[in-house]
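The values are calculated or read from the model by the stated rules, or taken from the named source; none is laboratory data. All values derive from a computational prediction rather than experimental measurement. We place every Cβ from the backbone using ideal geometry, glycine too, and count neighbours over all the protein chains shown. These area figures cover heavy atoms from the full protein model, side chains too; ligands, DNA and RNA do not enter into them. Shrake-Rupley method; radii C 1.70, N 1.55, O 1.52, S 1.80 Å.
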Amino acid sequence: CKQVTPDNVDKIDELSSKYDSMSSAAQDAVDKTCKDRVETVKLLKSQSAEDAITADATCTLDGAQTTLHCSVDVSPASDTMKTKLEAFPTTDVTLQIWINNSQFVLGAPDHVVDDVATATMTNGEKVTVEFTTPFDPSWGDKFGVEVTEYFPNA
């Protein structure tokens, strides 16, 4: 149970496999001890960050073209996902921004800023988060804000 944390999101497959390989009695014991963590693992296993949460961004450059300020609406990607997230008091969502010379990114974008912002949704409700990040015109004029991770907090 204690291993199901935001820091271990990249180990969800491993944790799920451990749970699945337990005896029925052991699974029942884990379910009784930390049912909410089991539900978190099942949700993270069944829905990738990109499929679970949408990030709708509006970004503007400052006059000197050295910083980009973005306002991002973060919300469940579907009514089904919203219903699932309503069971959790909060869900932390990690965002990244990519900047590229072309709207169609083949391979890696020209520039990526990971962990540019974290949004916290309450009971699966849409939330707006803002951030400002350095910008260099040589990176390109096309951008996208994407969800890289999410973690439903029980």
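Points to keep in mind about this one:
- Given (1) open to solvent by 40 Å² or more (accessible area, probe 1.4 Å); (2) closer than 22 Å to residue 98 by Cβ, number of the condition residue 74 does not satisfy: (1)
- Qualifying positions in region 85-116 - buried (at least 18 other Cβ atoms within 10 Å of the Cβ), under 22 Å from residue 40 (Cα atoms) and among the aliphatic types (A, V, I, L, M): 85, 93, 95
- Scanning region 6-39 for residues that are of a type in the set (Ser, Thr, Tyr) and out of contact with any helix residue (DSSP H, G or I) (no Cβ under 9 Å at 6 or more places or on another chain) yields 17, 21, 23, 24, 33.
- Of the strands (runs of 3 or more DSSP E) lying entirely inside region 19-118, those carrying at least 2 residues that are under 15 Å from residue 145 (Cα atoms), of a type in the set (Ser, Thr, Tyr) and modelled with pLDDT of 90 or more are 53-61, 67-76.
- Count of region 1-16 residues, restricted to those that are assigned to a helix (DSSP H, G or I) and surrounded by 12 or more Cβ atoms within 10 Å (Cβ to Cβ), is 7.
- Of all the listed residues (133, 128), the sole one being in a strand (DSSP E or B) and open to solvent by 60 Å² or more (accessible area, probe 1.4 Å) is 128.
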